[in-house]
Amino acid sequence: MGWLAAGDTYEVALVEGRVVARATSAKSPSKSPAEGKPERTLPAEIRDRPEVVELQRFAEWLDRHAAECAAQVGHWMVSSLPVPTGLLVRVWPDEAWQAALRDIVVVGAGPEEVGFLRDADETDGLRVVNPDGETVRLAARTVTMPHPVLLPGLEELRAFAAESGVAQGVEQIHRATWLKPAGADGRADRVTEFAGAEYRSWFHLSARATSLGYRISGSSVVGGVRDAGRLVTASVGMSDPYTEEKAWTGSLTWHHEGERRGLPLSEVGPVAWSEGMRMAAALHAGRTVPTDDAR
């Protein structure tokens, strides 16, 4: 984006998401506009000018757009939803979409068609780099961006990413995952591993939950995920804010959307299990640590 005149003595531009200003030749006769260095802060005399205000609004919109793109890709990935190749081709020219999609691992018609997404266009469709380091084309009409617990050859993909310096815009291959223990009691309907995390107040616990992207529903922290085609809600209980000064996390449970019955652990799928445990662990990690334990 070029520089825009902001009055007679300054011009402004959007640089790395921030509005900056520099003096024009009218302000500094010894220098041409191209030679002027950006000011460290916006001069007070131009902060309210229409050009500056509109540029700041545009910067805010770009930030929101980038966040929305990342959130959408994250939703596709966590839920392992099929995404039309044509849709990826259409959004690829957008820098915000590219930042969210680049190097996400996609899978085509079969588990052997897997790789890090590098390009998308109408002529060649999707081009990916496979774990052997080869650039190949995926011709499938739809692809998935699998949740890491469903990714074929996850450890191989992680090793390749480390060797190649791959950095994903949306965390996928290095997303924290939990595998359901093979010996889990199928009759049980809750996990207590992360229960009992103490917070200074219900407000601090709820603030921690919402900052992580989860919702508060009644007396629970909840997060939804699609697993095997069904919507599943993971819930971590919270202590009653009206009877306790401090707050504690409770057990982790799962249920199908629209149903009150808790799912037996034997019916909790791998993605729902991993995401529920991830939520409970993150809440536990934000707890108030007693002084004796902080040494």
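Spin-label point model (7 Å from Cα, Cβ direction): what's the Asp240 to Ala162 distance in nm?
Computed distance between label sites Asp240 and Ala162 equals 5.0 nm.
For Lys37, Lys246, Lys180, give the ranking by accessible area with the largest first, probe 1.4 Å. Let's see the in-between values first.
Numbers: Lys37 155, Lys246 95, Lys180 70 Å².
If we order Lys37, Lys246, Lys180 from most to least accessible, we get Lys37, Lys246, Lys180.
Let me know the charge dipole size of region 151-283 about its Cα centre in debye, to the nearest 20, where only the beta-carbon of Lys, Arg (+1) and Asp, Glu (-1) is charged.
Working: 14 positive and 16 negative charges, 44 e Å.
Once rounded to the nearest 20, the dipole reads 220 debye.
With a/c under 1.5 counting as rounded, go ahead and sort region 188-295 into rounded, prolate or oblate using the C-alpha gyration tensor (a ≥ b ≥ c being the square roots of the eigenvalues; past the cut-off, prolate if a/b is larger than b/c, else oblate).
Numbers: a/c = 2.08, a/b = 1.77, b/c = 1.18.
Judged from the Cα gyration tensor, region 188-295 comes out prolate (a/c at least 1.5, a/b above b/c).
By how many degrees, between 0 and 90 and to the nearest 10, does the Cα long axis of helix 50-79 differ from the longest principal axis of the chain?
30
Compute the Cα gyration tensor for region 32-121, then decide on rounded, prolate or oblate, letting a ≥ b ≥ c be the square roots of its eigenvalues: rounded whenever a/c is under 1.5, prolate when a/b is larger than b/c in the other cases, and oblate in all that remain.
Numbers: a/c = 3.74, a/b = 2.66, b/c = 1.40.
Verdict is prolate for region 32-121.
What is the dipole size for the chain, taken about its Cα centre, with +1 at each Lys and Arg Cβ and -1 at each Asp and Glu Cβ, in debye to the nearest 20?
On the way: 32 positive and 41 negative charges, 107 e Å.
Computed charge dipole of the chain: roughly 520 debye.
Nearest 0.05, what FRET efficiency do Glu54 and Thr210 give at R0 = 35 Å with Cβ-Cβ as r? Numbers along the way, then the final one.
Numbers: r = 31 Å, r/R0 = 0.90.
Once rounded, the FRET efficiency stands at 0.65.
Pairs of alpha-carbon atoms within less than 8 angstrom and 6+ residues apart define the contacts here; what relative contact order does the chain have, in percent? Working shown, then result.
Details: 512 pairs, mean separation 38.5, N = 295.
Once normalised by length, the contact order is 13 percent.
Mind checking the angle between helix 202-211 and the chain's longest principal axis? C-alpha axes, 0 to 90 degrees, to the nearest 10.
60
Taking only Cα atoms, what is the 0 to 90° angle, nearest 10, from helix 270-285's long axis to the longest principal axis of the chain?
70
Answer with one residue from Ala167, Asn130, Trp202: the one whose Cα lies farthest towards the positive end of the charge dipole of the chain, charges on Cβ with Lys, Arg +1 and Asp, Glu -1.
Trp202
Enter the accessible area per residue of region 59-117 (Å², integer; probe 1.4 Å; all protein chains in place).
Values: 2740 Å² over 59 residues.
On a per-residue basis, region 59-117 sits at 46 Å².
Of Thr249, Val271, Thr85, which is farthest on the positive side of the dipole of the chain, counting Cα position, with +1 on Lys and Arg Cβ, -1 on Asp and Glu Cβ, and the Cα centre as origin?
Toward the positive end, the furthest listed residue is Thr249.
Consider the candidate values (1) 1.04; (2) 0.99; (3) 1.29; state which one is Cα Rg over 2.2 N^0.38 Å computed from the structure displayed.
(3)
Could you tell me what percent of the accessible area of the chain is made up of carbon and sulfur, with a 1.4 Å probe and every protein chain present?
On the way: 8130 of 16470 Å².
C and S atoms contribute 49 percent here.
In debye, nearest 20, what is the charge dipole magnitude of region 1-141 about its Cα centre with +1 on Lys and Arg Cβ and -1 on Asp and Glu Cβ, if you could check? Could you put the intermediate results ahead of the total?
Numbers: 16 positive and 23 negative charges, 79 e Å.
In total the dipole reaches around 380 debye.
Find how much the distance from Ala109 to Glu45 grows on full extension, using 0.36 nm per residue of separation minus their present alpha carbon separation; answer in nm with one decimal.
Values: separation 64, 0.36 × 64 = 23.04 nm, distance 5.92 nm.
Working it through step by step, the gained length comes to 17.1 nm.
I need the calculated FRET efficiency for the pair Leu87 and His284, taking r as the beta carbon distance and R₀ as 35 Å, to the nearest 0.05. Write out the running numbers ahead of the final one.
Working: r = 38 Å, r/R0 = 1.07.
Approximately 0.40, to the nearest 0.05.
Which peptide among 74-83, 131-140, 251-260 comes first, and what is the full order, when sorted by highest mean count of other Cβ atoms within 10 Å? Could you put the intermediate results ahead of the total?
Details: 74-83: 18.8, 131-140: 13.7, 251-260: 15.3.
Order by mean packing, descending: 74-83, 251-260, 131-140.
His75 to His256: FRET efficiency via 1/(1 + (r/R0)^6), r the Cβ-Cβ distance, R0 22 Å, to the nearest 0.05?
That gives a FRET efficiency of 0.75.
If you rank Phe58, Phe194, Phe116, Phe203 by how much accessible surface each has, with a 1.4 Å probe, what is the order from largest down? It would help to have the intermediate numbers written out before the result.
Working: Phe58 80, Phe194 35, Phe116 0, Phe203 140 Å².
In descending accessible area the options line up as Phe203, Phe58, Phe194, Phe116.
For region 174-237, rounded, prolate or oblate, judged on the Cα gyration tensor with a ≥ b ≥ c (square roots of eigenvalues), a/c < 1.5 rounded, else prolate if a/b > b/c? Write out the running numbers ahead of the final one.
Details: a/c = 1.84, a/b = 1.45, b/c = 1.27.
Prolate shape, in that a/c is at least 1.5 and a/b is the bigger ratio.
The values are calculated or read from the model by the stated rules, or taken from the named source; none is laboratory data. Note that the coordinates shown come from a computational prediction; the quantities given were computed from them, not determined experimentally. Every residue, glycine among them, receives a Cβ derived from its backbone with ideal geometry; neighbour counts consider all protein chains shown. Note: accessible area is taken over every heavy atom of the protein model, side chains too, but ligands, DNA and RNA are not part of it. Shrake-Rupley method; radii C 1.70, N 1.55, O 1.52, S 1.80 Å.
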